[in-house]
1. Relative to the Cα centre, what is the charge dipole magnitude of the range 351-487, using +1 at the beta carbon of each Lys and Arg, -1 at the beta carbon of each Asp and Glu, and rounding to the nearest 20 debye?
2. How many nm is it between the label spots at residue 451 and residue 333, if each spot is 7 Å from the Cα in line with the beta carbon?
3. Output wanted: per-residue J couplings in Hz (rounded whole) for the range 92-101, from phi through Karplus 6.51 cos²θ - 1.76 cosθ + 1.60, θ = phi - 60°, x for Gly and Pro.
4. Please calculate the 1.4 Å probe accessible area of residue 174, with all protein chains present, and give it to the nearest 10 Å².
5. Of 428, 362, which has the most accessible area with a 1.4 Å probe, and how do the rest follow in descending order?
6. Just to confirm the filter: which GluC sites (Glu not before Pro) across the range 375-472 are DSSP coil and have at most 16 other Cβ within 10 angstrom of their Cβ?
7. Considering only protein heavy atoms and a probe of 1.4 Å, how much of the accessible area of the range 315-442 is carbon and sulfur, as a whole percent?
8. Taking amide H positions as placed in the peptide plane 1.01 Å from N, state which residues far from residue 362 in sequence (5 or more) or on other chains have amide H under 5 Å from it.
Amino acid sequence: MSKKASFLLPLNLSLAPFLLVLLYHLLSCVAVHGVQEKKILTLHNNIWSPMKSNEAPSSCFSHNLGKGRESSTTLEMKHREICSGKTIDWGKRLRRALTLDNLRVQSLQLKIKAMSSSTTESISEAQTPLTSGMKLQTLNYIVTVDLGGRNMTLIVDTGSDLTWVQCQPCKSCYNQQGPLYDPSVSSSYKTVFCNSSTCQDLVEATGNSGLCGGNNGVDKTTCDYVVSYGDGSYTRGDLGSESIQLGDTNVESFVFGCGRSNKGLFGGASGLMGLGRSSVSLVSQTMKSFNGVFSYCLPSLEDGASGSLSFGDDYKNSTSVSYTPLVQNPQLSSFYVLNLTGASIGGVELESSSFGRGILIDSGTVITRLPPSIYKAVKREFLKQFSGFPSAPSYSILDTCFNLTSYEDVSIPTIKMIFQGNAELEVDVTGVFYFVKPDASLVCLALASLSYENDVGIIGNYQQKNQRVIYDTKQEKLGIAGENCSF
């Protein structure tokens, strides 16, 4: 035994240089190809799969999830499709959502260009032409608030400023779950007049000044508004003020739009909650109550769970929060703009001359849009790491697609976005692929390219799932932390 041992020792030493070189190359391969940074995605156990598609939807009304400190409150947040009260053809719905999402992005780009050029033209009228009566839906989230003593379900939108609901009497309203708000039966409702400073603030919030004037020589005193959206939806009505209850916090004299003529893609919701940055947004109007801080955690649509919308800084989170400054851009003052400094796929850092530019973060856009040079780098590296799977044709705005119907689960590379200050958003595993067809025969990388390099990128809600996203408008910063958003 001693002879054998003495023979093996010099043999091992002689192999040492070769083994070291081999180990170096193996480690380099891991670093280059991101083998260690992958996650498992289950393909056939989501809400749109055949085994779950017949489950009954829940009510649209969400609940108060409790009050933290005196200056904070939390609301339950639901996905609008889950509570539509209808049997959902998920394949049709998911495909149409892409079309509508593209219209929204086109609308945002037009609005950005109009704001950047300091045009005096009505921004709303410069957007995609209105199409009335459209019955398509898009992928958005809702909360329930108490407006003048009545429950109202509102679509949450950080890309809009004015909060509005459908009102009685209504000239033309879409069908909603629950009764319309009726200002005539509320003792706390007040009219906003057209000669008020609040009415003039509509220019920043909607692109249209409050409308005065009158008909047949009779002066008009109410402040009329009109807001149109890129997907063909619009609301028209007059401004009013009312008490609004957000969880356990009551806010008096909250200014909102009383919609008398509303068309489009709001589903069964009562209206929309504007969480933008102008003076008429809910965030600005509740500054004294919540200090300009709100956050949300968007649940995964796949399991039909609820998330949360919190006002104030007492939010629940078990992981550390990384912060990045909100970019100050006077021409985009109503948007939340971040500085995207880098990205990685499976641990491999990407290179692009477009890093270091502003990118919007938006709860109303679904699919993240990237400048062409960044998207090409993402696509190239993703295909390098996610290889060997059957490809599938492109669909709509998505051009990196696969047929995964024969797989139960797949291992996919992680996707990370890096922002100024080294804040990091790691896309949840459910936000990497978009199921164009529920049976996984057409599954696409849930990222899309902008048309032009100088267009402004947008981080959509599909890539924000299972993240606590914290907007601190007073400190001018945005926080990100991974969180299980299911309630």
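The values are calculated or read from the model by the stated rules, or taken from the named source; none is laboratory data. Owing to the predicted nature of the structure, the values given are computational and were not obtained by experimental measurement. Glycine gets a Cβ as well: all are built from the backbone with ideal geometry, and neighbour counts include every protein chain shown. Side chains are part of the model used for accessible areas, which takes the heavy atoms of the whole protein and leaves out ligands, DNA and RNA. Shrake-Rupley method; radii C 1.70, N 1.55, O 1.52, S 1.80 Å.
1. 200
2. In this crude label model, residue 451 to residue 333 measures out at 2.8 nm.
3. In residue order, the calculated couplings are 5, 5, 5, 6, 5, 4, 5, 5, 5, 5 Hz.
4. Accessible area, nearest 10 Å²: 30 Å².
5. These residues rank, largest area first, as 428, 362.
6. 408, 453
7. 47
8. Long-range HN contacts for residue 362: 459.
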